[in-house]
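Enquirer: The structure's right below; bear with me while I get my questions together.
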Amino acid sequence: MNNQTKYNFQSETKQLLKLMIHSLYSNKEIFLRELISNASDAIDKMRFQLLSCPEDNNQYQDMKIKIILDKKEKKIIISDNGIGMNKQEVINNIGTIANSGTKSFLKSLNPENEKNNQLIGKFGVGFYSSFIVSKKVIIRTRHFKEKKPEKSILWESCGEGEYIISNTSKSENGTDIELYLKENEKDFLENWKIEQIIKKYSDHISVPIEIQEYNTKNKTISWKKINEAQALWTMQKNQITEKKYQNFYKHITKDINNPIIWSHNKIEGTQEYTILLYIPSKSTWDLWNQDNKKNGLKLYVKKVYIMDDADQFLPNYLRFIKGIIDTNDLPLNVSREILQENHITQSLKKSLTKKVLHLIEKLSKEKEKYSIFWKEFGLILKEGIAEDPSNQETIANLLRFTSINSNDIEQKLSLNKYIQNMQEKQEKIYFITAENYKNAKNSPYLEIFKEQKIDVLLLSDRIDEWMMNYLLEFKGKKFQPVNKIDQDLEKIIKKEKKSDFSENEINQFLKITKEILNEKVESVKLSYRLINTPTILITQNNSMSAQMSKLFKDAGQNVPPLKYIFEINPNHELIKKIIQIKDHKKLKTWINILFDQALLAERGSLENPNDFINRINKILINT
Ligand code: ADP
Ligand code: MG
């Protein structure tokens with residue numbers, strides 16, 4: 001061999017190799033799945049490259065993965081005529097694990113964990129699994145752009161800390177992986193065994209996988225196709241088992257869990273396309289990364305793989321969807337830029353969005369599954385209320401809430417159900433927003449609603465306040481925050497308005513209170529919505545809510561002060577006492593305390609808590 005150079009693995013790689021061999025030993029057959037998956041990826045990439053030079057299309061017809069079992073040399077050869085690698089790529093892709101997932105992979109490896117084998121694929125360290133069964137691995141590879149056969153690359157390693165790279169001669173582009181099996185792994189030299197493993201894990205691979213057969217009688221060699229070799233989504237639905245759908249999902253997403261639901265559709269007509277869309281059963285951290293606008297959709301044109309993360313086909317609030325879209329209407333050489341401004345993309349996006357929403361609707365009929373879905377993706381779906389006005393009602397229909405009556409922190413109540421349960425004269429959908437469930441649930445604003453058995457949605461997800469700025473109506477019913485003026489509420493309250501004091505006494509008290517609070521409030525009113533609370537602050541219906549104003553303030557924005565209406569509960573023991581206070585100074589202290597209490601209930605904090613404490617202490621001293 002010429003130009004032979006020795007390299008050391010990164011220390012992490014060494015560690016990984018050791019761990020891998022130990023922890024995956026019980027499921028060693030997965031090495032085949034990993035190597036075939038790589039070969040299939042390489043062929044997909046090659047097909048894509050060939051699009052730019054259609055004269056090579058004959059090559060495109062004949063792409064396949066070949067397996068030879070060499071009993072004499074005790075080795076398995078897995079060959080593909082895919083894209084191949086040049087020297088630098090071999091070093092980068094095979095020699096180093098530049099993958100940031102490696103560390104987390106190492107951490108998650110645990111000899112007791114049955115899921116280790118699935119984790120391997122997930123973290124993109126699949127190639128190394130070949131060392132579970134091999135004492136030596138040789139890669140021969142020729143990049144499709146390399147014109148000289150003798151400039152092909154040979155990589156060789158025993159998986160013990162170092163590898164060797166040299167030149168070799170290879171007639172075709174693509175990659176051959178040679179596995180020199182360990183002494184006790186001879187089972188893998190049996191055709192039936194390999195066929196069985198491939199059927200199990202790789203049947204959905206759209207590239208033909210062929211295995212060499214040796215006829216001992218005639219001493220001839222022939223090739224046998226093992227897999228279906230048809231892109232799963234192009235097959236008839238009734239030919240696809242549930243298991244196949246699930247395996248395909250795991251193959252494209254590297255998720256270790258099964259999807260929760262999927263939809264497979266072939267659409268014909270003005271637009272022709274096939275979609276296979278999955279909803280995962282678990283969300284991933286990258287969904288929450290603001291900069292990450294990727295989604296999990298793969299684009300195919302006329303069955304040819306074009307790109308991953310085809311985010312042009314779905315709105316951002318559906319970014320958790322995985323799957324493929326295969327269209328006949330786009331040119332094969334389509335680029336991201338073209339996609340962006342293409343009207344076909346736009347109309348595909350529209351119909352895909354509808355399809356996904358429909359799929360979620362279908363899922364919503366299955367309570368348990370929907371509850372999993374809602375926990376994992378509900379917050380993301382909520383973004384759609386603002387992002388997609390044209391589908392707002394459909395999305396709103398999919399939202400789930402908790403409410404006073406549901407008496408459970410889990411969000412299970414739909415708006416439809418809420419409307420069904422409304423009180424006779426109730427016209428609006430009532431809601432409260434707060435920092436957390438407990439605050440919402442115990443808010444004094446709810447007293448009258450609890451008493452009158454009018455249900456109120458309790459909103460405490462961070463996005464809710466923002467969402468409710470866009471969600472104004474559902475099926476003709478307006479949304480009404482409980483802390484704003486609402487004439488309709490007064491109409492439905494079935495309660496006698498009475499008080500121990502004369503109208504004159506009360507009016508006098510309201511007047512003095514307004515004088516004391518002065519600029520702090522817009523007006524002071526009597527309230528019959530309170531039961532156990534003396535006072536409360538209400539805002540005008542068109543004003544910004546306290547939560548919203550807080551969010552703006554936190555973001556460093558200037559927010560005009562809220563104009564409050566100070567409502568007083570004339571039947572509260574404390575008010576009954578205060579009304580009778582004649583000493584103006586004392587009265588002033590009391591009124592200010594009441595105001596601060598109401599502020600606390602409204603926004604959860606005070607600008608000057610010290611003032612509040614001082615006033616309370618003053619009163620405590622005098623009692
Ligand atoms: P992953 O497939 O998740 O990227 P692997 O360890 O399986 O991780 O492979 C590492 C990389 O090596 C691949 O991403 C690819 O770039 C390269 N590679 C592996 N096998 C082949 C192959 N048969 N042809 C071309 N490139 C390959
Ligand atoms: Mg791989």
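Bear in mind that the values in this text are calculations on the coordinates, not laboratory data. Remember, it's a predicted structure, so these values are computed and weren't measured experimentally. Neighbour counts are summed over all protein chains in view; Cβ atoms, including those assigned to glycine, are modelled from backbone coordinates with ideal geometry.
Enquirer: Can you tell me the FRET efficiency between residue 15 and residue 347 if r is taken as the Cβ-Cβ distance and R0 is 56 Å, rounded to the nearest 0.05? Intermediate values should be presented prior to the final figure.
Expert: Values: r = 51 Å, r/R0 = 0.91.
It comes out at approximately 0.65.
Enquirer: With the cut-off at 18 Å, report for segment 400-492 the share of all Cα pairs above it, as a whole percent. Numbers along the way, then the final one.
Expert: Working: 1629 of 4278 pairs.
The answer is 38 percent, as a whole percent.
Enquirer: Turning to a different aspect of this structure: Could you name the lysines in cross-link range of residue 217, using Cα to Cα under 25 Å and dropping any fewer than eight places away on the same chain?
Expert: Result set, ordered by chain and number: 66, 71, 72, 74, 75, 186, 193, 225.
Enquirer: For q = 0.20 Å⁻¹, what log10 I(q)/I(0) does segment 192-302 give under the Debye formula with an equal point scatterer on each alpha carbon and no solvent?
Expert: Relative scattering, expressed as log10 I(q)/I(0), comes to -1.15.
Enquirer: Roughly what angle does helix 242-253 make with the longest principal axis of the chain, taking Cα atoms, 0 to 90 degrees, to the nearest 10?
Expert: 90
Enquirer: If each DSSP helix of 4+ residues adds -39,500 (n - 2.57) and the sum is divided by the residues in the chain, what number results at 222 nm, nearest 500 deg cm²/dmol?
Expert: -11000 deg cm²/dmol
Enquirer: Which part of segment 166-192 falls in the paramagnetic zone of residue 148, meaning amide N under 19 Å from the point 7 Å along Cα-to-beta-carbon?
Expert: 166-174
Enquirer: Please give the FRET efficiency for residue 328 paired with residue 200, using the beta carbon to beta carbon distance and R0 = 35 Å, rounded to the nearest 0.05. Walk me through the intermediate numbers first.
Expert: Values: r = 32 Å, r/R0 = 0.93.
Efficiency for this residue pair is about 0.60.
Enquirer: Please list, in chain and number order, the residues 5+ apart from residue 525 or on another chain whose amide H is under 5 Å from its amide H, with Hs placed from the backbone.
Expert: HN-HN under 5 Å from residue 525: 566, 567, 568.
Enquirer: Something else now. Each label point is 7 Å from the Cα along the Cα-to-Cβ direction; what then is the distance between the points at residue 423 and residue 484, in nm?
Expert: 2.0
Enquirer: Can you give the convex hull volume per residue for the Cα atoms of segment 266-350, as a whole number of Å³? Intermediate results must be reported in sequence, preceding the final value.
Expert: Values: hull volume 8.0 nm³, N = 85.
Per residue, the Cα convex hull of segment 266-350 comes to 94 Å³.
Enquirer: How far apart, in nanometres, would the label points at residue 525 and residue 215 be if each is projected 7 angstrom from Cα along the Cα-to-Cβ direction?
Expert: 9.4
Enquirer: Moving on to the next point. Could you please report the charge total around residue 41, scoring K, R as +1 and D, E as -1 over all other residues with beta-carbon less than 12 angstrom from its beta-carbon?
Expert: 0
Enquirer: Let me ask you something else. Taking 35 Å as R0, compute the FRET efficiency from the Cβ-Cβ separation of residue 88 and residue 183 and round it to 0.05.
Expert: Working: r = 35 Å, r/R0 = 1.00.
Efficiency, rounded to the nearest 0.05: 0.50.
Enquirer: With a sphere of radius 14 Å drawn around the Cβ of residue 166, what net charge do the other residues whose Cβ falls strictly inside it have (Lys, Arg +1; Asp, Glu -1)?
Expert: The answer is +3.
Enquirer: Toward the positive end of the charge dipole of the chain, about the Cα centre and with charges on Cβ (Lys, Arg +1; Asp, Glu -1), which of 476, 165, 50 goes farthest?
Expert: Selected residue: 165.
Enquirer: Rounded to the nearest 5, what % of the DSSP beta bridges within the chain are antiparallel ones? Working shown, then result.
Expert: Details: 67 of 88 bridges.
That works out to approximately 75 percent antiparallel.
Enquirer: Compute the helix-to-body angle for 11-23: its Cα long axis versus the longest principal axis of the chain, expressed 0 to 90° and rounded to tens.
Expert: Computed tilt is about 90 degrees.
Enquirer: Please rank 535, 274, 5, fewest neighbouring Cβ atoms within 10 Å first, as an exposure proxy.
Expert: So the ranking, lowest neighbour count to highest, is 5, 274, 535.
Enquirer: Filter the cross-link list 298/367; 355/382; 491/525; 250/350; 514/588; 145/303 down to pairs whose alpha-carbon distance in this structure exceeds 20 Å. Each step should come with its number before you reach the end.
Expert: Details: 298/367 30 Å; 355/382 17 Å; 491/525 17 Å; 250/350 27 Å; 514/588 11 Å; 145/303 24 Å.
Result: 298/367; 250/350; 145/303 exceed 20 Å.
Enquirer: If you don't mind, there's one more thing I want to ask. Treating each Cα of segment 466-618 as an identical point scatterer and ignoring solvent, apply the Debye formula and state log10 I(q)/I(0) at q = 0.12, 0.14, 0.19 Å⁻¹.
Expert: Once normalised to I(0) and log-transformed, intensities are -0.58, -0.78, -1.29.
Enquirer: Relative contact order (percent) for the chain, with alpha-carbon contacts under 8 angstrom and 6 or more residues of separation? Working shown, then result.
Expert: Details: 1018 pairs, mean separation 51.7, N = 623.
Averaging sequence separation for qualifying contacts and normalising by length gives 8 percent for the chain.
Enquirer: I need the semi-axes of the equivalent ellipsoid of the chain: take the C-alpha gyration tensor, multiply each eigenvalue by 5, square-root it, list largest first in whole angstrom. List each step's numbers first, then the result.
Expert: Working: eigenvalues 924, 140, 86 Å².
Rounded to whole Å, the semi-axes are 68, 26, 21.
Enquirer: On to the next question. Arrange the following residues from fewest to most other Cβ atoms within 10 Å of their Cβ: 206, 527. Please list the in-between numbers first.
Expert: Working: 206 19, 527 22.
Going from least to most buried by this count: 206, 527.
Enquirer: To make sure I understand, if each residue's beta carbon is the centre and we count other beta carbons within 10 Å, what order do 521, 559, 482, 304 fall in, fewest to most? Mind showing how you got there, number by number?
Expert: Numbers: 521 20, 559 13, 482 23, 304 16.
Fewest-to-most ranking of 521, 559, 482, 304: 559, 304, 521, 482.
Enquirer: While we're on this one: Could you work out how far helix 343-364 tilts from the main Cα principal axis of the chain, as a 0 to 90 degree angle to the nearest 10?
Expert: Taking Cα atoms only, the helix is inclined about 70 degrees.
Enquirer: Which of 558, 580, 592 sits closest to the plus end of the dipole of the chain, meaning its Cα is farthest towards the positive end, when Lys and Arg get +1 and Asp and Glu get -1 on the C-beta?
Expert: Ranked along the dipole, the leading option is 580.
Enquirer: Then there is this: Using the structure shown, list the pairs from 477/553; 497/520; 520/585 with a Cα-Cα distance above 23 Å, or answer none. Please list the in-between numbers first.
Expert: Numbers: 477/553 31 Å; 497/520 27 Å; 520/585 18 Å.
Flagged as over cut-off: 477/553; 497/520.
Enquirer: Something else: Search the structure for amide H atoms under 5 Å from the amide H of residue 85, placed 1.01 Å from N in the peptide plane, and list their residues when 5 or more places away or on another chain.
Expert: Those lying under 5 Å, H to H, from residue 85 are 142, 143, 174.
Enquirer: Checking the cross-link filter: which lysines have an alpha carbon closer than 16 Å to that of residue 243, excluding same-chain neighbours under 8 positions apart?
Expert: 199, 200, 254
Enquirer: Ranked highest first by the average count of other Cβ atoms within 10 Å around their residues, in what order do 193-200, 471-478, 225-232 fall?
Expert: Values: 193-200: 16.2, 471-478: 13.4, 225-232: 18.1.
Ranking the peptides 193-200, 471-478, 225-232 by packing returns 225-232, 193-200, 471-478.
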